[in-house]
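Peer 1: My structure is below; once you've seen it, I'll send some questions.
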Amino acid sequence: MSRLPTWIGQHLAAVRAIIVLTLITGGLYPLLVLGIAQAAFRNQANGSLVTYNGKVAGSSLLCQEFTDPKGNPLPRYFQPRPSTAAAPGSKTGFGCDPNYSGASNLGPNNPALLKNVQSYKAAYAAFNRVPPSAVPPDAVTTSASGLDPYISPQNAADQVNRVAAARRLPVGEVRSLVARYTQSRTLGFLGEPRVNVLLLNIALDKLSVTSGG
Amino acid sequence: MSGSVAGFLQAGLLVLALAVCHRPLGDYIARVVTGDRDWRAEKAIYRMMGVDPRADQRWSVYLRSMLAFSAISVLAVYLFERIQGHLFLSNGMPGVTPDLAWNTAASFTTNTNWQNYSGETTMGYLTQMSGLAVQNFASAAVGIAIAIALVRGFARSRTDRLGNFWVDLTRITVRVLLPLSVIGALILVAGGAVDNFTATHVIHTLTGSSQNMVGGPVASQEVIKEMGNNGGGFYNANSAHPFENPNPFTNWFEIFLILVIPFSLCRTFGRMVGDNRQGYAILSVMVTIWVASAALVSFFENSHAGTALRAAGAAMEGKNVAFGIPGSSLFAASTTVTSTGAVNSFHDSYTPFGGAVLIFNMMMGEVTPGGVGAGLYGILMLAVITVFVGGLMVGRTPEYIGKKIRPAEMKYAALYVLATPALVLIFSGLALAFRVPRESILNPGPHGLTEIMYAYTSMANNNGSAFAGLATNTTWYNVTGGIVMLLSRFAPMIFVLALGGSLAKQQTVPVSVGTMPTHKPLFVGMVIGVILLIVGLTYFPALALGPFAEGLH
């Protein structure tokens, strides 16, 4: 067999190398991980889905909007952070779309961001009847993913009165439910304390059903 | 517990974990690349590749093998993207447009993972899993291989051989990256990262409206994306997406993955040159700058400067509640001092000086600790320059690890240091000179200039993070970006291997009284000085017009 010129030989080895590595790192490896993940961590691997009344009601890791069909926030639900994850051209109040994850990317001195912050602040203050100066930062900023399932404990506390009034529930009962759904830092120091909005709202709906509200 | 104490503990636990792991992992990598026994599986792989694993290559042959492999890689990824509409598991995605496919192919082959697309609406599962993620392994292995070849230049004497590229590529993939990835991926899945083949479908939310539910083989790609310092997100929101990075523990773990191999390679270096102290000196340089930069980013983000952030009351724009400012700042600093570029928060919305530290991190040339492999060979080039500067001061022939640094070696090191900044500044300048690339800017004022500078700094340092307001899925940025990423990845590698070849030929000179010790704190300080001086002199005017102008306003 006559020997190929070196440079062709190297490219031939390169082609074969890519094929072999694709089979191993792009075939065997991900399938192995997927197989073990589906066998051992089925719930997590499929998106940590939560059910209500026997039907899938969302993922505990993704925010969802609690609005009426026009996009107005529903007073009987805790509201997530403002979201930029929306299909291009969609109306406001329809964020939390996992097909469009992402952030606003507005700079710290951008007048457009200042305007957004001010209008979120005014809306939040009016909706929850709290002074504008007391509105928590996470309620007036958009998250990194547009899918943030959490709000800060302060943000949740500020919404308690409004939710309790809308559901005709005692404030104390709603407050203790918020406390139960407040996650502290992992191991005491990783991350930040937070409240999962979807899980809290599902618990509220369950509570309202049992108490006839 | 107060937030700042928790932040310190989070960083402290990270330092502890890295301190515990870097030695065994570094030693293991050294054994992997120096051992002379092949695994049975590896022998099969060499047969399928058609290469002779016992052939020791000259630097030029090593280089040509690497370039051939990378050229075919670009081609393979490009083809994968173009024909994905005809492949299975494509989640209904059509083929990617030519300019975007070119940019993405260049981006993943060069370990940059700059992304001008949203994963969830552009790339099918098969393209991500068997096209892009393969390069997450391969490009990381290539980076480590080149670093190992340079280290062999220091370790060997009177030879023109630097090892075998195919063997290094295979062993690093099979024995290091793959086993660690399997373990890491399962830890991420246990924490809540998704891993499935379910196509995007609609579910009904609690209020009865509909929501798209996304899926994909995410965890297997997420782990190597961090550990290989690639950084390309499965979804547009990258590691800010709860399906990639669901909770504070996975967030901490991903930062650990980002840093563990680059820091461990210092140990590999010390081990291979037979003097662990040399590895620790290099490690000290890296750790010092990483810690300083993480502290600075956290400080600036806590200050929440900027009119809009002050109005909000905290720098929470573009950050997730679960990670908060400490978990976001630590991630941001770590992803930019390594060439990872994954993000769990969006850098464009960082405070002016917080963002400036992130861009500065990349401008240091990704050496603190830098990308996997690329960080080690980069800092060794700077160490060569440091001994040269030190040698000039005392008037002796500079030496490093028993090798003389002569004009030839200095030329390679100098060319290495100049290549990347030249690409950054020339292409940023070009983008600013034309109307079309300027129209991609999102934020007004100096911040807009920073967006463009950040883009080319990130691409030319093979980082891949972005001031993502800049709309870069345009022909201009796709084409120039691909060129910049390829040149800035492979041109420096030529100089690295050439230096390795020239060092390997030298006989090792014994340590004498005239030898400057390169394992002492004085040398560590000098390397830090050289790094800062080079960045300062090269980029200061540009930084002054962008982030400094905004921050001091």
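The values are calculated or read from the model by the stated rules, or taken from the named source; none is laboratory data. Here the structure is a predicted model, which means the values were calculated and not measured. All Cβ positions, glycine included, derive from the backbone under ideal geometry; neighbour counts span all protein chains shown. Note: accessible area is taken over every heavy atom of the protein model, side chains too, but ligands, DNA and RNA are not part of it. Shrake-Rupley method; radii C 1.70, N 1.55, O 1.52, S 1.80 Å.
Peer 1: Looking at (1) charged (D, E, K, R); (2) touching a Gly at 6+ places or on another chain (Cβ under 9 Å); (3) touching a residue at least 60 places away in the same chain (Cβ under 8 Å), which is the one condition that is false for B:Glu42?
Peer 2: The single condition B:Glu42 does not satisfy is (2).
Peer 1: Check B:Thr518 against each of (1) open to solvent by 20 Å² or more (accessible area, probe 1.4 Å); (2) part of a loop (DSSP other than H, G, I, E, B) and name the one condition it does not meet.
Peer 2: The single condition B:Thr518 does not satisfy is (1).
Peer 1: Could you check B:Glu451 against (1) under 19 Å from the mean Cα position of the chain (by Cα); (2) within 14 Å of chain A (Cβ to nearest Cβ) and say which number it fails?
Peer 2: (1)
Peer 1: While we're looking at this one, here's another question. Can you confirm whether the range B:226-237 contains a residue that is facing another protein chain (nearest Cβ under 7 Å), open to solvent by 10 Å² or more (accessible area, probe 1.4 Å) and in contact (Cβ under 8 Å) with a residue 60 or more places away in the chain? Break it down stepwise before answering.
Peer 2: Pass one, the range B:226-237, residues facing another protein chain (nearest Cβ under 7 Å): B:235-237.
Okay, now just the ones that are also open to solvent by 10 Å² or more (accessible area, probe 1.4 Å), so B:236.
Filter once more, keeping what is in contact (Cβ under 8 Å) with a residue 60 or more places away in the chain: B:236.
The answer is yes; a qualifying residue exists.
Peer 1: So, one more: Criterion first (open to solvent by less than 10 Å² (accessible area, probe 1.4 Å) and part of a loop (DSSP other than H, G, I, E, B)) does B:Asn136 satisfy it? Step through it out loud before you land on a result.
Peer 2: On the way: open to solvent by less than 10 Å² (accessible area, probe 1.4 Å): yes; part of a loop (DSSP other than H, G, I, E, B): no.
Answer is no for this residue.
Peer 1: Right, another one. Report whether or not B:Ala498 is touching a residue at least 40 places away in the same chain (Cβ under 8 Å), buried (at least 16 other Cβ atoms within 10 Å of the Cβ), on the phi < 0 side of the Ramachandran plot and within 14 Å of chain A (Cβ to nearest Cβ).
Peer 2: Taking the combined requirement at face value, the residue does not satisfy it.
Peer 1: How about the range A:75-113: which of its residues are over 25 Å from B:Thr200 (Cβ atoms), more than 9 Å from every other protein chain (Cβ to nearest Cβ) and surrounded by fewer than 24 Cβ atoms within 10 Å (Cβ to Cβ)?
Peer 2: A:Pro75, A:Arg76 - these are the residues of the range A:75-113 that are over 25 Å from B:Thr200 (Cβ atoms), more than 9 Å from every other protein chain (Cβ to nearest Cβ) and surrounded by fewer than 24 Cβ atoms within 10 Å (Cβ to Cβ).
Peer 1: Mind listing whichever residues of the range A:19-44 are closer than 18 Å to B:Ile224 by Cα, among the small types (Gly, Ala, Ser) and either in contact (Cβ under 8 Å) with a residue 60 or more places away in the chain or more than 7 Å from chain B (Cβ to nearest Cβ) (or both)?
Peer 2: The answer is A:Gly35, and nothing else.
Peer 1: Could you tell me whether any residue of the range B:238-258 is touching a His at 6+ places or on another chain (Cβ under 6 Å) and either open to solvent by 10 Å² or more (accessible area, probe 1.4 Å) or facing chain A (nearest Cβ under 9 Å) (or both)?
Peer 2: no
Peer 1: Which number in (1) of a type outside the set (Lys, Arg); (2) farther than 13 Å from B:Gln211 by Cβ; (3) within 10 Å of chain B (Cβ to nearest Cβ); (4) not in a loop (DSSP other than H, G, I, E, B) marks the one condition that A:Val56 misses?
Peer 2: Unmet for A:Val56, out of (1) of a type outside the set (Lys, Arg); (2) farther than 13 Å from B:Gln211 by Cβ; (3) within 10 Å of chain B (Cβ to nearest Cβ); (4) not in a loop (DSSP other than H, G, I, E, B): (2).
Peer 1: While we're looking at this one, here's another question. Assess whether B:Thr127 counts as being part of a helix (DSSP H, G or I) and hydroxyl-bearing (Ser, Thr, Tyr).
Peer 2: Yes.
Peer 1: With the requirement that a residue be in contact with an Asp or Glu (Cβ under 7 Å, 6 or more places away or on another chain) and either crowded, with 24+ Cβ neighbours inside 10 Å or within 9 Å of chain B (Cβ to nearest Cβ) (or both), what does the range A:121-151 give you?
Peer 2: Hits for the range A:121-151 are A:Pro136, A:Thr141, A:Thr142, A:Ile151.
Peer 1: Considering every residue within the range B:471-487, establish whether at least one is among the β-branched types (Val, Ile, Thr), closer than 21 Å to B:Phe69 by Cα, open to solvent by less than 20 Å² (accessible area, probe 1.4 Å) and part of a helix (DSSP H, G or I). Don't jump to the end; show me each part of the working.
Peer 2: Taking the range B:471-487 as the starting set, the residues that turn out to be among the β-branched types (Val, Ile, Thr) are B:472, B:474-475, B:479-480, B:483-484.
Checking the rest, the ones that are also closer than 21 Å to B:Phe69 by Cα come to B:483-484.
Cutting the leftovers down to open to solvent by less than 20 Å² (accessible area, probe 1.4 Å) gives us B:484.
From what is left, the residues that are part of a helix (DSSP H, G or I) are B:484.
Yes, the range B:471-487 contains at least one residue that is among the β-branched types (Val, Ile, Thr), closer than 21 Å to B:Phe69 by Cα, open to solvent by less than 20 Å² (accessible area, probe 1.4 Å) and part of a helix (DSSP H, G or I).
Peer 1: Taking the stated definitions as given, is B:Leu425 under 22 Å from the mean Cα position of the chain (by Cα) and part of a helix (DSSP H, G or I)? Before the answer, list the steps.
Peer 2: Numbers: under 22 Å from the mean Cα position of the chain (by Cα): yes; part of a helix (DSSP H, G or I): yes.
Yes.
Peer 1: Separate question: Considering only residues that are without any contact (Cβ under 8 Å) to a residue 24 or more places away in the chain and open to solvent by 30 Å² or more (accessible area, probe 1.4 Å), look in the range B:183-198 and name the one that is farthest from the other protein chains (Cβ to nearest Cβ).
Peer 2: Per the stated criteria, the residue is B:Ile183.
Peer 1: Taking into account only those residues within the range B:146-182 that are charged (D, E, K, R) and open to solvent by 10 Å² or more (accessible area, probe 1.4 Å), which is farthest from the other protein chains (Cβ to nearest Cβ)? Outline the logic, then answer.
Peer 2: Of the residues in the range B:146-182, the ones charged (D, E, K, R) are B:152, B:156, B:158, B:160-161, B:168, B:171, B:175.
Filter again for open to solvent by 10 Å² or more (accessible area, probe 1.4 Å), leaving B:152, B:156, B:158, B:160-161, B:175.
Details: B:Arg152: 20, B:Arg156: 23, B:Arg158: 25, B:Asp160: 16, B:Arg161: 16, B:Arg175: 12 Å.
Across the range B:146-182, the extreme among qualifying residues is B:Arg158.
Peer 1: Next question, about the same structure. Inside the range B:391-414, can you point out the residues that are part of a helix (DSSP H, G or I) and open to solvent by 80 Å² or more (accessible area, probe 1.4 Å)?
Peer 2: Once the filter is applied, which keeps residues that are part of a helix (DSSP H, G or I) and open to solvent by 80 Å² or more (accessible area, probe 1.4 Å), the range B:391-414 yields B:Leu392, B:Met393, B:Val394, B:Pro407, B:Lys411.
Peer 1: Quick check, is B:Ala295 hydrophobic (A, V, I, L, M, F, W, C), at pLDDT 95 or above and in contact with a Phe, Trp or Tyr (Cβ under 8 Å, 6 or more places away or on another chain)?
Peer 2: Numbers: hydrophobic (A, V, I, L, M, F, W, C): yes; at pLDDT 95 or above: yes; in contact with a Phe, Trp or Tyr (Cβ under 8 Å, 6 or more places away or on another chain): no.
When the stated conditions are applied, B:Ala295 does not pass them.
Peer 1: Sticking with this one: Considering only residues that are touching a residue at least 24 places away in the same chain (Cβ under 8 Å) and facing another protein chain (nearest Cβ under 8 Å), look in the range A:60-73 and name the one that is surrounded by the fewest Cβ atoms within 10 Å (Cβ to Cβ).
Peer 2: It comes out as A:Thr67.
Peer 1: Do we have any residue at all in the range A:120-133 that's modelled with pLDDT of 95 or more and closer than 30 Å to B:Leu449 by Cα?
Peer 2: Scanning the range A:120-133, I find at least one residue that is modelled with pLDDT of 95 or more and closer than 30 Å to B:Leu449 by Cα, so the answer is yes.
Peer 1: Mind listing whichever residues of the range B:78-113 are closer than 21 Å to B:Ala455 by Cβ, among the hydrophobic types (A, V, I, L, M, F, W, C) and either open to solvent by less than 50 Å² (accessible area, probe 1.4 Å) or not in a helix (DSSP H, G or I) (or both)?
Peer 2: Hits for the range B:78-113 are B:Val96, B:Leu100, B:Ala101, B:Ala105, B:Ala106, B:Phe108.
Peer 1: Within the range B:293-363, considering only helices (runs of 4 or more DSSP H) that don't extend past its boundaries, which have at least 2 residues that are within 26 Å of B:Thr112 (Cβ to Cβ), more than 7 Å from chain A (Cβ to nearest Cβ) and open to solvent by less than 10 Å² (accessible area, probe 1.4 Å)?
Peer 2: Helices (runs of 4 or more DSSP H) meeting the threshold: B:324-337, B:352-363.
Peer 1: Next question, about the same structure. Residues of the range A:114-169 being among the charged types (D, E, K, R) and in a helix (DSSP H, G or I), which ones?
Peer 2: Passing the criteria: A:Lys115, A:Lys121, A:Asp138, A:Asp158, A:Arg162, A:Arg167.
Peer 1: Across the range A:168-213, what is the number of residues that are out of contact with any Pro (no Cβ under 9 Å at 6 or more places or on another chain) and basic (Lys, Arg)?
Peer 2: 4
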